[in-house]
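Heads up: the structure comes next, in structure tokens.
Nothing in this text is a laboratory measurement; each read-out follows from the coordinates by a stated rule. Quick caveat: nothing in here was measured; it's all calculated off a predicted structure. Counting neighbours? That spans all protein chains shown, and the Cβs are built from the backbone with ideal geometry, glycine included.
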Amino acid sequence: MAGFEDWLVHARAHGLDTRMMSRADVAAQITGSEKPWVGGLFTPSDARAEPWTAVPLLATGAQARGAVIVENCAVRALDLAAGRVAGVVTELGRIACDQVVLAGGAWSALFARAHGVIFPQLSVKATVLATEPLPEVFRGNAADDDFAFRRRNDGGYSLAPGASHDFYIGPDAFRNFGAYLPVLKKDFRSTIFHPAAPAHYPDAWFTARRWAADAPGPFEAIRVLNPAPNPKIVADVQARFAECFPALGRPKLKAAWAGMIDTMPDVVPVVDRATAVPGLVIATGMSGHGFGIGPGMGRVVADLVAGNATGHDLGRFRLPRFTDGSKIAPGPSL
């Protein structure tokens, strides 16, 4: 609760309608729970959306404003002239340009390192499940340390663990161990470690770190990171939901999936120009918040590329913070 009180400072600074909740307030909002929550933090204006609905609409809006979207076309390398960006080399040919945004999620550090731009990005696997329709216990979204849930339009709930995730150990894990030690100490027990990633994943042991621009590279070996969900996490989340809402019983599983979340040692994105490669802008490490902050972050990145005022202080997101002696501390989050 003290942490929630601290967070209110940020909420008020940005004009949010966030407020503290007592035990009775929580019970009034979330019905049928037998979990003894002592209170909570509530933001009534928080929104929710289904990615498979929202993302195509965003793409359609971009196309209407002149964007050209090319799918199933991997970028292999930057085309540099006198050390500056002159284009990108793709599997379908070269595209001339003088500005490139690297927003490759979990792939970003691998691509950037091949061009001499280095930052300590890793990724974790998050498992999510959808239930069959259930009686409504809360119309919105809620989370504690054990599990999180979100009401769906189909009458079911999307459920996820409160903190548990899988981590695949690879070369970058050892290379960046020191940078991640503070957050690892804070969150060690919630991490399930695996000795190796699936073949061709960004930090798999045998994924190429160097490749030729005129031949297929790692981004064509596997185009979409679509890992299998962790069945133990799925079962655990079902059990925790049933313990919290015993009248509903164990929720029936409709579907389960997983995804690779790119993260940084301070759980803060990198949004900055790469001074080592003029013309390259890095926008990565959204740390699980990319879908929610995507529209706002996209506008900031567009202004950054165009040389316009972004309207925000991007100092917290600067790339050199990992090399200029700055103290790396996790950003304010819940």
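Once the other residues with Cβ under 11 Å from the Cβ of Leu304 are scored (Lys, Arg +1; Asp, Glu -1), what is the net sum? Write down the numbers at each step before the final one.
Details: positive: Arg273, Arg299; negative: Asp272, Asp303.
Taking every Cβ under 11 Å from that of Leu304, the sum is 0.
Three principal axis extents, largest first, for the C-alpha atoms of the range 49-322, in Å?
Taking max minus min along each principal axis of the Cα atoms, the range 49-322 gives 67, 44, 37 Å.
Give, as a single signed number, the net charge of other residues whose beta carbon lies under 12 Å from the beta carbon of Arg223, with Lys and Arg counted +1 and Asp and Glu -1. Don't jump to the answer; show the numbers that get you there.
Working: positive: none; negative: Glu71, Glu91, Glu220.
Taking every other residue near Arg223 into account, the sum is -3.
Among Asp272, Asp203, rank each residue by its count of other Cβ atoms within 10 Å, from fewest to most, as a rough exposure measure. Don't jump to the answer; show the numbers that get you there.
Details: Asp272 19, Asp203 24.
Final ranking by Cβ density, sparse to dense: Asp272, Asp203.
Listing Thr31, Thr131 from the residue with the fewest other Cβ atoms within 10 Å to the one with the most, what is the order?
Numbers: Thr31 12, Thr131 23.
Ascending Cβ contact count within 10 Å gives the list Thr31, Thr131.
For the range 1-46, just list the percent of Cα-Cα distances falling in each 5 Å bin from zero outward, please.
5, 21, 29, 21, 15, 7, 2
Counting Lys +1, Arg +1, Asp -1, Glu -1, what net charge surrounds Ala11 among other residues with beta carbon under 9 Å of its beta carbon?
Values: positive: Arg12, Arg19; negative: Asp17.
Local net charge: +1.
Show which lysines lie in cross-link reach of Lys185 when reach means a straight Cα distance below 19 angstrom and same-chain residues fewer than eight apart are skipped.
Lys125, Lys327
Could you work out the relative contact order of the chain, using alpha carbon pairs under 8 angstrom and six or more residues apart, expressed as a whole percent?
Numbers: 545 pairs, mean separation 63.0, N = 334.
Relative contact order for the chain comes out at 19 percent.
Sorted from fewest to most neighbouring beta carbons within 10 Å, what does the list Trp205, Trp52, Trp107, Trp7 look like?
Details: Trp205 13, Trp52 7, Trp107 23, Trp7 17.
Taking fewest neighbouring Cβ atoms as first place, the list is Trp52, Trp205, Trp7, Trp107.
Pick from Thr284, Thr263, Thr53 the residue whose mean-square fluctuation is largest in a GNM of the chain, springs joining Cα atoms under 10 Å.
Highest fluctuation among the options: Thr53.
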